[in-house]
Amino acid sequence: MKKLLILILIFFPLSSVFAQEDTLKMTLTPPLVKNNMNPGETWVSTVKLVNNNQNDLVVYTDIQDFRSSPDGGVELIPKEESEGEDSGSGFLRKWMTIMDGPITISSFGSVEIPFEIKVPESAEPGGHYAAILVGTKPTGEIQGSGISISSMISSLILVNISGDVVEEGRIREFTTDKNYYKDPEVNFKLRFENTGNVHLQPKGNIVIKDMFGNEKGLIDINKDTAYGNVLPGSTKTWDFSWEGESGIFKMGKYEAVITIHYGEQTTEVDNRTFYFWYVDFKIVSIIAGTILGILLFIFLLIKFYIRRAIKQSQREIEKIRPHSIETNEEPIETKKQNTSKSHREVVDLREIMKNKK
């Protein structure tokens with residue numbers, strides 16, 4: 001199988017497309033053309049080529065079908081591969097004609113290059129796609145396995161054929177690169193899949209809220225642009241970034257809600273919600289260290305007062321103990337003495353009574 005011709009040209013909002021061969025520069029506008037057509041209809045238009053060089057240029061044109069590449073760009077399809085495809089394959093080249101050249105453009109001049117699209121009555125509804133290529137050499141003379149931006153520039157043609165059109169898609173993935181952030185700098189990833197038969201341009205926004213429900217950020221998706229199209233049967237990826245406010249009172253759990261709508265005939269809506277945390281571990285460690293220091297100080301202070309109270313109580317007990325022993329012994333001796341004296345008195349009285357008798 002022959003190698004596919006690859007053009008790395010992603011649907012970004014460029015005002016022009018450049019071709020460079022050494023110092024050679026050309027501009028082809030518009031870089032993206034979108035139109036809705038009916039079976040049996042003919043449409044004639046032009047693209048504008050500008051020579052941004054000090055010398056006159058001789059250029060050639062060509063048309064090739066394309067489809068989405070796995071990396072979200074455009075994959076040009078060789079004519080031999082698309083030659084036998086029917087009208088339901090999404091190809092457009094066989095319906096198009098263009099001034100093939102050679103075309104001479106004066107220094108810093110421009111030229112309008114006409115092209116025509118004639119849709120057959122049997123055309124299948126849905127999206128059909130082709131690229132107008134312009135270069136300083138005919139495509140047959142370009143060496144190698146691919147067409148590069150240095151040798152050719154392009155204008156992409158996206159045509160929707162009316163009929164049984166299916167506008168279906170879904171959010172395949174909406175997430176962040178991490179769940180916890182030490183700085184409020186968050187990277188979002190959106191993957192949208194087109195499951196219909198026409199190209200879709202999802203539009204909408206991402207709303208970011210803090211744990212109290214306060215809106216902290218808004219990211220628009222494909223606002224005021226013709227780019228960001230997703231071809232049938234393909235998936236496109238977008239990367240977004242958001243930078244919030246930092247600080248101790250900004251930390252916590254955040255909510256990101258994406259809502260997108262798509263479709264021209266009927267507007268479909270899809271949404272997803274994702275949560276992430278902003279925690280500045282430096283601030284947290286400082287606060288935790290401060291709290292632990294305070295608790296340790298309180299613990300040591302309480303321990304000091306307890307020991308001091310115990311020592312003071314012991315000293316008071318030592319002062320009281322000798323005095324208590326002396327006061328307890330004296331009554332005992334006195335009692336013994338008194339008892340002996342009474343006994344002697346009783347003895348003497350008996351003797352006196354004997355003598356009287």
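Each value in this text was obtained by applying a stated rule to the coordinates, not by laboratory testing. Remember, it's a predicted structure, so these values are computed and weren't measured experimentally. No Cβ is skipped: glycine too gets one built from the backbone with ideal geometry, and neighbour counts run over all protein chains shown.
If we count other beta carbons within 10 Å of each Cβ, what is the order of 242, 277, 95, fewest first?
277, 242, 95
Work through the residues other than residue 308 whose Cβ is under 14 Å from its Cβ and net out their charges, Lys, Arg +1 and Asp, Glu -1. Computed value for this residue: +3.
Cα centroid separation, the range 105-125 to the range 250-315: 63 Å.
Stretching residue 45 away from residue 305 to a fully extended chain increases their span by 84.2 nm, per 0.36 nm per residue minus the current alpha-carbon distance. Could you let me know the centre-to-centre spacing of the range 174-217 and the range 25-41, using Cα atoms, in angstrom? With the range 174-217 and the range 25-41 each reduced to a Cα centre, they are spaced 31 Å.
Applied to the range 302-315, the Karplus parametrisation 6.51 cos²θ - 1.76 cosθ + 1.60 on θ = phi - 60° returns per-residue 3J(HN,Hα) values of 5, 4, 5, 5, 5, 4, 5, 5, 5, 4, 5, 5, 4, 5 Hz, with x for Gly and Pro.
Remark: for residue pairs 94/203; 189/223; 34/94, the C-alpha separation exceeds 22 Å in 94/203. Near residue 174: Cβ cut-off under 14 Å, other residues only, Lys/Arg at +1 and Asp/Glu at -1. The net charge is 0.
The string of couplings for the range 271-282 from the Karplus curve (6.51, -1.76, 1.60, θ = phi - 60°) is 8, 9, 10, 9, 10, 8, 10, 10, 9, 7, 5, 5 Hz, one whole number per residue in order, with x for Gly and Pro. In this entry, the range 98-140 is assigned a mean projected area of 4.6 nm², taken as a quarter of its C-alpha convex hull surface. The slack between residue 180 and residue 215, meaning 0.36 nm per residue of separation minus the straight C-alpha distance, is 10.7 nm. Placing pseudo-labels 7 Å out from each Cα toward the beta carbon at residue 243 and residue 164 gives an inter-label distance of 5.2 nm. Once you place label points 7 Å from the Cα toward the Cβ at residue 100 and residue 273, how far apart are they in nm? Modelled inter-label distance: 6.0 nm. Per-peptide packing, taken as the mean over residues of other Cβ atoms within 10 Å, places 314-320, 98-104 in the sequence 98-104, 314-320 from highest down. If R₀ is 22 angstrom, what is the calculated FRET efficiency for the pair residue 80 and residue 137, using the beta carbon separation as r and rounding to 0.05? The pair residue 80/residue 137 has a calculated efficiency of 0.65. Under the simplified labelling scheme, the residue 288-residue 261 pair shows an inter-label distance of 4.7 nm, with each label point 7 Å from Cα along Cα→Cβ.
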